[in-house]
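Undergrad: I'd like to ask some things about the structure below.
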Amino acid sequence: MDDKIRVFGARENNLQNIDIEIPKNKLVVMTGISGSGKSSLAFDTLYQEGQRRYMESLSAYARQFLGNFEKPDVDRIDGLSPSISIDQKTTSNNPRSTVGTVTEIYDYLRLLYARIGIPYCPGSNEPLTKQTIEEMTKRVISFKEGSKIIVMSPVIERQKGTLKKTAEQYLKEGFTRAYIDGETHLLEEFPDLDKNKNHDFYLVIDRLIVKDGIRSRLYDALELAARLASGKTKVLVDNDAMVSFSQNYSCEDSDFTIPDLEPRLFSFNVPIGACPSCNGLGYRLEITEELVLDPEKPLLEGGLVPYKNNDGENLTSQMIEEVCKAYKIDLNKPVKELSREHLDIVLYGSPDPLHFKLKSSSGRKHETNDYYEGMITNLSRRYRETTSDWIRTWIENFMVESECHTCYGARLNPSALSVKVGGLNIDEFTRLSIDDEIKFLTDLELGIEEKQIARLALQEIINRLTFLQDVGLGYLTLHRQAGTLSGGEAQRIRLATQIGSKLSGVLYVLDEPSIGLHQRDNQRLIDTLHKMRDLGNTLVVVEHDHETMLASDYLIDIGPRAGKAGGRVVAAGTPEEVMNHKDSITGKYLRGELEVETPKKRRKGLGKDIMVMGAKANNLKDITVSFPLGKLTVVTGVSGSGKSSLVNEVLLKGMQQKYYKSKDKPGEHTAINDHQLIDRVIEISQSPIGRTPRSNPATYTGVFDDIRDLFSKTNEAKARGYSKSRFSFNVKGGRCEACGGDGVKKISMHFLPDVYVPCEVCEGLRYNHETLQIKYKGSHIADVLDMTIDDAMDFFENHPKIYQKLKIIHDVGLGYIQLGQSATTLSGGEAQRVKLASELYRRITERSIYILDEPTTGLHTDDVGRLLQVLHRIVDEKATMVVIEHNLDVIKNADHIIDLGPEGGELGGYIVAQGTPEQIAKVNESYTGQYLKKVLK
């Protein structure tokens with residue numbers, strides 16, 4: 001059997017017709033400068049061809065549902081296995097997806113709770129039991145011989161009324177007695193009951209004495225009693241003790257009852273298990289007072305934000321005037337000076353009916369006696385009842401997502417939440433960290449029968465949780481929404497799921513699995529990759545992490561540079577062989593010949609700071625943190641220690657709410673004090689720069705405006721009277737009207753994925769023939785959009801304005817991307833750096849704060865050095881920058897470090913150390929400090 005994958009003539013994207021041999025059943029790491037062609041070889045060639053061949057083995061019928069897999073631009077690949085890609089794309093943005101559901105652990109949990117769970121009454125916290133008629137019969141027969149028993153059916157319990165009609169109905173059906181409020185009565189002589197009091201009405205089915213030979217008669221009586229009272233039965237023994245039975249799980253002291261335990265009862269995606277108030281989402285959209293009130297203005301002068309454009313003739317405004325007159329509410333006072341009682345009347349309605357005299361703008365008079373509905377009550381009702389998308393969208397401007405007040409975020413109904421295993425219901429269990437869940441299940445004490453029933457489910461749950469722990473995700477909870485996971489976390493979850501599948505003979509292609517992982521957890525990830533390899537799989541990992549490279553069996557360095565200057569195999573072999581290769585930039589960094597420099601001195605800053613007080617979001621332990629102004633602050637800590645909670649949830653959202661009235665609710669904290677020294681908050685996240693193929697780096701950064709300007713000033717364009725807008729593919733005039741300037745046509749395939757085909761009129765160039773006749777230096781506007789940033793820099797070197805903007809994009813490590821590259825094809829790291837570049841065009845002031853989350857994602861060490869120069873350039877202008885980062889080259893460049901920990905999850909959320917890199921390196925309790933000590937020479 002061939003022990004190598006052989007690639008011949010790979011030319012996908014910027015690959016330069018390369019031939020390469022990749023050993024099978026090994027951990028192979030591909031590295032190189034960003035844009036050198038690593039992903040083109042790993043994903044666009046190896047994975048794509050592996051998938052295509054597998055698809056071709058399926059029937060034509062099956063293939064029509066799976067879409068087309070185009071053949072990559074390669075002459076031949078030999079020895080290829082079926083391939084699975086594990087990339088950084090977030091698992092799912094569906095609000096119903098959680099870590100538990102995407103790993104399928106929740107399915108096994110539902111099975112476990114359905115089989116060995118014990119239901120409890122929510123009121124008394126007593127365990128609930130149920131019996132079959134056979135079990136009831138055996139229990140009654142076991143009573144002392146000679147006992148007098150009355151079998152009764154509790155048809156009515158704790159209900160008001162005289163119950164005369166009920167008695168008459170059962171008398172007609174042949175019953176003669178009933179046990180009412182503790183006494184037996186003939187139905188013919190039914191007593192007069194107080195209609196305003198609660199009563200019990202137990203229908204007497206049979207009266208017996210416990211002795212031999214009554215079994216059959218007793219069974220029939222119990223069966224009839226249960227049928228008449230929805231499974232409930234009462235047996236009075238010797239006119240003294242009352243014994244209750246039920247075919248369902250139900251509570252004697254309340255009406256609480258739950259259906260049979262089955263896995264779907266614990267699913268929040270089906271009506272039987274979901275919370276009825278939020279339909280299983282755990283949150284609801286609700287109108288909030290903060291968004292409907294302007295505290296500085298009187299009610300009818302803009303104080304009620306939804307009605308701020310209403311004039312005096314508006315019927316709603318007239319109603320509010322009448323309400324204010326009736327309850328003596330001052331219409332001239334600002335909202336903030338009104339009492340809580342008065343505000344509640346205006347927002348939630350009047351306690352009494354009022355007489356309204358209204359006059360419409362047409363002169364018609366309306367007179368009515370009615371309750372005033374209240375503004376928030378009115379908007380909530382309209383949101384539920386409207387069929388208009390416009391009204392619904394308008395009302396959503398005043399709404400925020402808030403935790404469901406019925407299930408408190410548990411997503412399930414009371415029946416499902418009443419079932420416990422080991423004292424925890426399924427929601428409480430999923431809110432534990434994965435580390436704590438493993439401990440809980442390992443220590444779980446079960447009876448012999450329960451152990452036998454739960455053995456397989458428990459084994460599967462513990463195995464899958466352990467895989468997640470092994471890839472450094474022990475701090476996560478199964479309750480967490482999948483859409484809130486970072487790219488690295490989502491990828492490691494998929495990695496753990498694949499280990500659980502125990503497949504063999506597969507080619508796995510991974511994209512930087514170490515993203516978002518602290519150096520301390522790196523070894524566990526490497527051990528996991530080795531475990532997958534040892535199952536008999538080939539792993540091709542695109543990675544920049546030095547530790548992972550050195551732990552690989554085979555290292556491939558693609559380069560030497562990005563874009564057209566890359567696409568070649570610079571070095572391939574064991575890590576030692578690549579380290580000693582004279583032309584490999586990666587090798588030079590690995591052997592220490594090249595390194596990212598440590599600053600000679602740290603900035604002193606502006607002497608003031610932003611103080612975050614009492615931060616308690618997620619796992620933060622009521623901490624107070626100072627972010628110094630005018631410095632590069634890096635927030636570090638092991639995975640799950642609370643970095644994102646502190647920076648993104650508290651600091652960023654808190655300041656956005658303060659300055660931009662953002663609807664996003666910040667994480668729990670006491671206060672943020674910036675001494676009024678900040679007026680601009682810039683988040684540079686990894687979210688896409690645009691959601692359509694029309695958006696691209698040229699349009700996002702604004703350089704395309706200058707390029708269109710230049711084309712409109714050519715002699716030919718002037719002669720034809722073409723303005724700048726002629727060269728836009730977004731407006732009519734210069735664009736191809738057949739495809740609307742998209743360059744492709746979307747063909748809807750109904751239940752199949754949409755298919756995009758190049759426009760046959762413009763052949764994918766986006767512009768019409770006349771526009772493309774205008775050329776600058778021999779190239780038309782579509783040629784320019786096809787250029788890489790580096791090529792465009794050479795092309796526009798004599799135009800300083802365009803050149804400078806392109807150089808900034810090049811400086812953030814994106815010289816290899818095309819000017820017109822669709823925004824949807826950019827990775828999260830690339831999108832983040834495009835945003836960073838566009839920020840650098842703007843004026844940077846000391847009143848600005850920049851917040852970045854792991855900006856080194858997807859960057860080679862050589863590119864990290866260039867990115868740091870850009871970050872330093874911003875902070876040198878006295879701006880403040882806060883960066884979440886694990887990369888030691890960035891950490892050692894910080895002016896100030898805030899190290900959180902000491903562990904992830906519940907054991908995290910504390911400040912371990914604060915100070916300069918040199919100070920952190922001296923703190924023995926800091927994991928970051930231990931690794932920092934090695935790089936600060």
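The values are calculated or read from the model by the stated rules, or taken from the named source; none is laboratory data. Model, not experiment: these values are computed from the prediction. Neighbour counts are summed over all protein chains in view; Cβ atoms, including those assigned to glycine, are modelled from backbone coordinates with ideal geometry. These accessible areas exclude ligands, DNA and RNA; they are computed on the full protein's heavy atoms, side chains included. Shrake-Rupley method; radii C 1.70, N 1.55, O 1.52, S 1.80 Å.
Undergrad: Expressed as a whole number of Å, what is the distance separating the alpha-carbon centroids of segment 355-369 and segment 70-87?
TA: 75 Å
Undergrad: When the accessible area of segment 425-510 is split by element with a 1.4 Å probe, what percent falls to carbon and sulfur? Numbers along the way, then the final one.
TA: Details: 1810 of 3590 Å².
C and S atoms contribute 51 percent here.
Undergrad: Apply the a/c threshold of 1.5 to the C-alpha gyration tensor of segment 203-325 and tell me whether it is rounded, prolate or oblate. Numbers along the way, then the final one.
TA: On the way: a/c = 5.30, a/b = 3.11, b/c = 1.71.
Since a/c reaches 1.5 and a/b is larger than b/c, the shape of segment 203-325 is classed as prolate.
Undergrad: Another question, if that's okay. What ranking of 30, 611 comes out by heavy-atom accessible area, probe 1.4 Å, highest first? Walk me through the intermediate numbers first.
TA: Working: 30 0, 611 55 Å².
Putting 30, 611 in descending order of accessible area: 611, 30.
Undergrad: Moving to a separate point now. Could you give me the radius of gyration and the Dmax of segment 468-546, taking only the C-alpha atoms into account and expressing both in angstrom?
TA: In Å, with Rg to one decimal and Dmax whole: 12.2, 33.
Undergrad: Moving to a separate point now. Please list, by residue number, every one of the GluC sites (Glu not before Pro) in segment 863-937 that is coil in DSSP and has at most 16 other beta-carbon atoms within 10 Å. Provide the component values of the computation, followed by the final result.
TA: On the way: sites: 877, 885, 903, 906, 918, 925; in loops: 877, 885, 903, 925.
Answer in residue order: 877, 925.
Undergrad: While we're on this one: With angles folded into 0 to 90 degrees, how steeply does helix 215-228 sit against the dominant principal axis of the chain? Use alpha carbons for both and round to 10.
TA: Orientation of helix 215-228: about 60 degrees from the principal axis.
Undergrad: Another question, then. Enumerate lysine pairs in segment 283-403 that are 8 or more residues apart or on different chains, then count those whose Cα atoms are under 12 Å apart. Don't skip to the answer; put the middle values down first.
TA: Values: 297/308; 297/333; 297/336; 357/365.
Lysine pairs satisfying the spacing and distance rule in segment 283-403 number 4.
Undergrad: Suppose we keep just the alpha-carbon trace of the chain; what are its Rg and Dmax in angstrom?
TA: Cα-based Rg and Dmax for the chain come out at 35.3, 117 Å.
Undergrad: Wrap a convex hull around the Cα atoms of segment 76-173, take a quarter of its surface area, and give that in square nanometres. Numbers along the way, then the final one.
TA: Values: hull surface 70.1 nm².
Mean projected area for segment 76-173: 17.5 nm², to one decimal.
Undergrad: If you don't mind, there's one more thing I want to ask. With the Cα gyration tensor of segment 1-49 in hand, give its eigenvalues times 5 under a square root as the equivalent ellipsoid semi-axes, listed largest first in whole angstrom. Show your work: numbers first, answer last.
TA: Values: eigenvalues 70, 33, 17 Å².
Its equivalent ellipsoid spans semi-axes of 19, 13, 9 Å.
Undergrad: Which GluC sites (Glu not before Pro) from segment 154-228 combine a DSSP loop assignment with at most 11 other Cβ atoms within 10 Å? Intermediate results must be reported in sequence, preceding the final value.
TA: Numbers: sites: 157, 168, 173, 183, 188, 189, 223; in loops: 173.
Hits after loop and neighbour filter: 173.
Undergrad: Determine which lysines satisfy two conditions relative to residue 663: a Cα distance under 16 Å, and not lying fewer than 8 residues away in the same chain.
TA: Filter leaves 653.
Undergrad: Here's a follow-up. Which of the cysteines found in the chain have nothing to pair with, since no other Cys Cβ lies under 4.7 Å from theirs?
TA: 324
Undergrad: Whose amide H sits under 5 Å from the amide H of residue 570, counting only residues 5 or more places off or on another chain, with H placed in the peptide plane?
TA: 557, 558, 559
Undergrad: What 222 nm value per residue comes from the helices of the chain, counting each DSSP H run with n ≥ 4 as -39,500 (n - 2.57) and dividing by all residues, nearest 500 deg cm²/dmol?
TA: Values: 35 runs with 300 residues, N = 937.
Estimated from H runs of four or more residues: -9000 deg cm²/dmol.
Undergrad: Report the net charge of residues surrounding residue 79, where surrounding means a beta-carbon distance below 12 angstrom and charges are Lys +1, Arg +1, Asp -1, Glu -1. Intermediate results must be reported in sequence, preceding the final value.
TA: Working: positive: 4, 6, 24, 53, 76; negative: 2, 3, 21, 49, 78.
Net charge in that neighbourhood comes out at 0.
Undergrad: Might you work out the accessible area of residue 497 for me, using a 1.4 Å probe with all protein chains in place, and round it to the nearest 10 Å²?
TA: 50 Å²
Undergrad: Sequence-distant or interchain residues sharing an amide H contact under 5 Å with residue 155, placed H: which?
TA: It is 203, by chain and number.
Undergrad: Follow-up question, since we're still on this one. Using the basic label-point model (7 angstrom from Cα toward the beta carbon), what is the residue 230 to residue 523 distance in nanometres?
TA: Label at residue 230, label at residue 523, 6.0 nm between them.
Undergrad: Same structure again: Averaged per residue, what accessible surface does the chain expose to a 1.4 Å probe, in Å²?
TA: Numbers: 44150 Å² over 937 residues.
Computed with neighbouring chains in place, this is 47 Å² per residue.
Undergrad: Sticking with this structure for a sec: From zero up to wherever the largest Cα-Cα distance of segment 697-825 sits, split into 5 Å bins and tell me the percent of pairs in each.
TA: Whole-percent P(r) values from 0 Å outward: 2, 11, 19, 22, 19, 14, 8, 4, 2, 1, 0.
Undergrad: Report the net charge of residues surrounding residue 324, where surrounding means a beta-carbon distance below 11 angstrom and charges are Lys +1, Arg +1, Asp -1, Glu -1. Before the final figure, lay out each step's value.
TA: Working: positive: 325, 328, 333; negative: 321, 322, 330.
So the environment of residue 324 carries a net charge of 0.
Undergrad: Could you work out how far apart the two model spin labels at residue 361 and residue 502 are, taking each label as a point 7 Å from the Cα in the direction of the beta carbon, and quote it in nm?
TA: 7.3 nm
Undergrad: Okay, moving on. So who's got an amide H within less than 5 Å of the one on residue 609, skipping anything under 5 residues away but keeping other chains? H placed 1.01 Å off N, in plane.
TA: 629
Undergrad: Taking the Kirkwood radius as the inverse of the mean 1/r across Cα pairs, report the Rg/Rh of segment 283-403. Display every interim value, and only then the final one.
TA: On the way: Rg = 14.5 Å, Rh = 15.1 Å.
Ratio of gyration radius to Kirkwood radius: 0.96.
Undergrad: Okay, moving on. Could you go through segment 760-769 in sequence order and give the Karplus-derived ³J(HN,Hα) for each residue, using 6.51 cos²θ - 1.76 cosθ + 1.60 with θ = phi - 60°, rounded to whole Hz, and x for Gly and Pro?
TA: 6, 7, 9, 6, x, 8, 6, 10, 7, 4
Undergrad: At 1.4 Å probe size, with the rest of the protein present, what percent of the exposed accessible area of segment 697-825 is carbon and sulfur atoms?
TA: Values: 3120 of 6260 Å².
The C+S portion of the solvent-accessible surface of segment 697-825 is 50 percent.
Undergrad: Still on this structure: Short version: ³J(HN,Hα) in whole Hz for each residue of segment 157-174, in order, from phi by Karplus 6.51 cos²θ - 1.76 cosθ + 1.60 (θ = phi - 60°), x for Gly and Pro, what are they?
TA: So the Karplus estimates, Gly and Pro as x, are 10, 6, 10, 7, x, 7, 6, 5, 5, 5, 4, 4, 4, 6, 5, 4, 7, x Hz.
Undergrad: Return the subset of 38/564; 588/922; 26/588 for which the Cα-Cα distance in this structure is over 20 Å, preserving the input order.
TA: Values: 38/564 13 Å; 588/922 29 Å; 26/588 24 Å.
Among 38/564; 588/922; 26/588, the Cα-Cα distance tops 20 Å for 588/922; 26/588.
Undergrad: Output the 0 to 90 degree angle, nearest 10, between the alpha-carbon long axis of helix 487-501 and the longest principal axis computed from the alpha carbons of the chain.
TA: Orientation of helix 487-501: about 70 degrees from the principal axis.
Undergrad: For segment 63-164, state which chymotrypsin sites (Phe, Trp or Tyr not before Pro) are in a DSSP loop and have at most 12 other beta carbons lying within 10 Å of their beta carbon. Walk me through the intermediate numbers first.
TA: Numbers: sites: 65, 69, 106, 108, 113, 120, 143; in loops: 65, 69, 143.
Filter output for segment 63-164: 65.
Undergrad: Round to a whole angstrom and tell me the spacing of the C-alpha centers of segment 817-875 and segment 651-666.
TA: The distance from the Cα centre of segment 817-875 to that of segment 651-666 comes to 23 Å.
Undergrad: Could you tally the net charge around residue 861, taking each other residue with its Cβ under 10 Å from the Cβ of residue 861, Lys/Arg +1 and Asp/Glu -1? Can you show the working numbers first?
TA: Values: positive: 588; negative: 545, 595, 862, 863, 889.
So the environment of residue 861 carries a net charge of -4.
Undergrad: In whole Hz, with x marking every Gly and Pro, tabulate ³J(HN,Hα) for segment 365-380 from phi via Karplus 6.51 cos²θ - 1.76 cosθ + 1.60, θ = phi - 60°.
TA: Result, ordered by residue: 9, 10, 10, 7, 10, 6, 6, 7, 6, x, 5, 5, 4, 5, 5, 5 Hz.
Undergrad: Could you tell me the distance between the Cα centroids of segment 225-286 and segment 564-601, to the nearest Å?
TA: Measuring centre to centre over Cα atoms gives 67 Å.
Undergrad: If you roll a 1.4 angstrom probe over the protein chains with everything in place, what fraction of the accessible area of segment 283-403 belongs to carbon and sulfur, to the nearest %? Let's see the in-between values first.
TA: Numbers: 3380 of 7360 Å².
That share works out to 46 percent.
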